[in-house]
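Below: one structure in structure tokens.
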Amino acid sequence: MAFKVLITPRSFETVKDKCIGLLEKENFEVVMNPYGRVLTEEELAGLIEEMDGIIVGIDPVTSKVLEKAKRLKVISKYGVGVDNIDLEKAKEKGILVTNTPGANSNAVAELTLGLIFTVLRKINLSDRKTREGSWERFVGYELSGKTLGIIGTGNIGRRLVKLLKGFDLRILCYDKDLDLEWAAEEGIIYVSLEELLKNSDVISIHMPLTKETYHFISDKELSFVKPGAVIINTSRGGIIDEMALYNALKEGKLLGAGLDVFEKEPPIDSPLLNLENVVMTSHIGAHTQEATENMAKMAVENLISVLKGEKPKFLVE
Ligand code: NAD
């Protein structure tokens, strides 16, 4: 019997022609997301029963969903963060989880740069005012010569360090695992979280959302932050306590924030929507043509490996 696989990420459609051949070659029956958007728990639960493998984006692969899976052998994450997948339940059911590390690092690092400059130079406000017929000359800040703090020096944090060469920055990093060899090569230094928060003009977050990192940046951490600093978050919304961030921005403690991710997406009820010093994007960090192709190819290869009984290249353990 042919394996049946479900593919949910909408952007997969745009690169389908480049990857679908690999699945067809294996004679897999492919079911594309019939809803054209991120699936709800109920929708995914309704589709998963028959599937041998799934390629998922940020759809909720919860315990309730996995309970319905009868034949599932692999959850192939199209991306890096696996916070939408109940890893314990998957393990309990013997379902392997894979992901695509590095596939979207450059895309997210470049968006991070875009958010930094948009906040520092108020590009969003200037664009809006110009369209409205006003000719306000906003005074911004330069990045060169400043101190940048990177929280999380994995694939994205490291790509950001590479892209920032040439800005004469002092770069401070914080991570739970220190790679001192890399730090020496790049001329960056690891410091404590408190030291990073107290000394950075721009702080950028690049770590996964886990039990340990939920509300990692809250009132206490924001009280350490240098007045006039900028916070950029392209990782996961839950890492920042949004009410604490809102208060720090409203009180003028922070110059601004650039956010690609939110605790609740879309952030329709968020008070952050009312602040002009917040630049918001719609979780587009990985959404470039290049990253989409990388993620799709790697996710398909991981899925095929597991279904063929081989060791996948990128197993989440
Ligand atoms: P990665 O796994 O390569 O790096 C994560 C880093 O965070 C690692 O160095 C790890 O040691 C560190 N870390 C983990 N837990 C920590 C903790 N408790 N304290 C300190 N450091 C900790 O991941 P990556 O590819 O760099 O991606 C980072 C995150 O960015 C992903 O987990 C994902 O949630 C997010 N992301 C967002 C988008 C987007 O569209 N905006 C796209 C890709 C990834």
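Identify all residues within region 250-291 that are under 19 Å from residue 37 (Cα atoms), open to solvent by 60 Å² or more (accessible area, probe 1.4 Å) and of a type in the set (Asp, Glu); write none if there are none.
263, 265
Considering (1) out of contact with any strand residue (DSSP E or B) (no Cβ under 9 Å at 6 or more places or on another chain); (2) open to solvent by 50 Å² or more (accessible area, probe 1.4 Å); (3) within 11 Å of the ligand (Cβ to nearest atom); (4) over 22 Å from residue 245 (Cβ atoms), say which one residue 208 fails and leave the rest.
(4)
Can you pull out the residues in region 151-160 that are surrounded by 22 or more Cβ atoms within 10 Å (Cβ to Cβ) and closer than 16 Å to residue 191 by Cα?
Within region 151-160, 151, 152, 153, 157 qualify.
May I ask you to list the residues in region 234-245 that are open to solvent by less than 40 Å² (accessible area, probe 1.4 Å) and in a helix (DSSP H, G or I)?
Scanning region 234-245 gives 237, 238, 239, 242, 244, 245.
Another one. With respect to residue 294, determine if the residue is closer than 30 Å to residue 22 by Cβ, open to solvent by 40 Å² or more (accessible area, probe 1.4 Å), touching a residue at least 60 places away in the same chain (Cβ under 8 Å) and part of a helix (DSSP H, G or I).
yes
Now for a different question. Only residues in region 139-166 that are modelled with pLDDT under 95 and of a type outside the set (Asp, Glu) count as the first member; pair them with residues that are within 11 Å of the ligand (Cβ to nearest atom) and open to solvent by 40 Å² or more (accessible area, probe 1.4 Å), Cβ under 6 angstrom, at least 6 apart or cross-chain, and list the lot.
Qualifying pairs under 6 Å: none.
Please indicate, with yes or no, whether at least one residue in region 109-117 is touching a residue at least 24 places away in the same chain (Cβ under 8 Å), over 21 Å from the mean Cα position of the chain (by Cα) and more than 16 Å from the ligand (Cβ to nearest atom).
Scanning region 109-117 turns up no residue that is touching a residue at least 24 places away in the same chain (Cβ under 8 Å), over 21 Å from the mean Cα position of the chain (by Cα) and more than 16 Å from the ligand (Cβ to nearest atom).
Does region 180-196 hold any residues that are within 11 Å of residue 152 (Cα to Cα) and not aliphatic (A, V, I, L, M), and which are they? Give the steps one after another, and end with the answer.
Initial filter on region 180-196 (within 11 Å of residue 152 (Cα to Cα)): 190, 193.
If the condition is that a residue be within 11 Å of residue 152 (Cα to Cα) and not aliphatic (A, V, I, L, M), then 190 is the only one that fits.
Please go through region 113-123 and pick out each residue that is surrounded by 18 or more Cβ atoms within 10 Å (Cβ to Cβ) and closer than 11 Å to residue 138 by Cα.
120, 122
Quick check on region 1-37: of everything there that is among the acidic types (Asp, Glu) and touching a residue at least 12 places away in the same chain (Cβ under 8 Å), which residue is least open to solvent (accessible area, probe 1.4 Å)?
Per the stated criteria, the residue is 26.
Here is a follow-up. Quick test for you: out of 98, 40, pick the one residue that is free of Cβ contacts under 8 Å to residues at least 24 places away in the same chain and touching a Pro at 6+ places or on another chain (Cβ under 9 Å).
40
Next question. When the residues of region 81-98 are narrowed to those that are within 29 Å of residue 233 (Cβ to Cβ) and small (Gly, Ala, Ser), which ends up most open to solvent (accessible area, probe 1.4 Å)?
81
Return the pair list, or none, for Cβ contacts closer than 6 Å from residues in region 214-230 that are surrounded by 20 or more Cβ atoms within 10 Å (Cβ to Cβ) to residues that are not in a helix (DSSP H, G or I), at least 6 apart or on different chains.
Pairs found: 217/240; 229/201; 229/254; 230/202; 230/255; 230/256.
Let's see how each residue does on (1) basic (Lys, Arg); (2) within 21 Å of residue 139 (Cβ to Cβ); (3) under 18 Å from the mean Cα position of the chain (by Cα):
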{"site": "234", "(1), (2), (3)": "no, no, yes"}
{"site": "245", "(1), (2), (3)": "no, no, no"}
{"site": "264", "(1), (2), (3)": "yes, no, yes"}
{"site": "269", "(1), (2), (3)": "no, no, no"}
{"site": "272", "(1), (2), (3)": "no, no, no"}
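Right, another one. Would you mind telling me which numbered condition in (1) over 22 Å from residue 110 (Cβ atoms); (2) within 16 Å of the ligand (Cβ to nearest atom) residue 251 fails?
In the conditions (1) over 22 Å from residue 110 (Cβ atoms); (2) within 16 Å of the ligand (Cβ to nearest atom), residue 251 misses (2) alone.
Within region 130-186, can you find the residues that are assigned to a loop (DSSP other than H, G, I, E, B) and either within 16 Å of the ligand (Cβ to nearest atom) or within 25 Å of residue 100 (Cβ to Cβ) (or both)?
152, 153, 154, 164, 175, 176, 177, 178, 179
In region 189-204, which residues are more than 13 Å from the ligand (Cβ to nearest atom) and touching a Cys at 6+ places or on another chain (Cβ under 9 Å)?
189
The values are calculated or read from the model by the stated rules, or taken from the named source; none is laboratory data. What you see is a predicted model, and the numbers here were worked out from it, not measured in a lab. All Cβ positions, glycine included, derive from the backbone under ideal geometry; neighbour counts span all protein chains shown. Quick note on the areas: whole protein, heavy atoms, side chains included, nothing else; ligands and nucleic acids left out. Shrake-Rupley method; radii C 1.70, N 1.55, O 1.52, S 1.80 Å.
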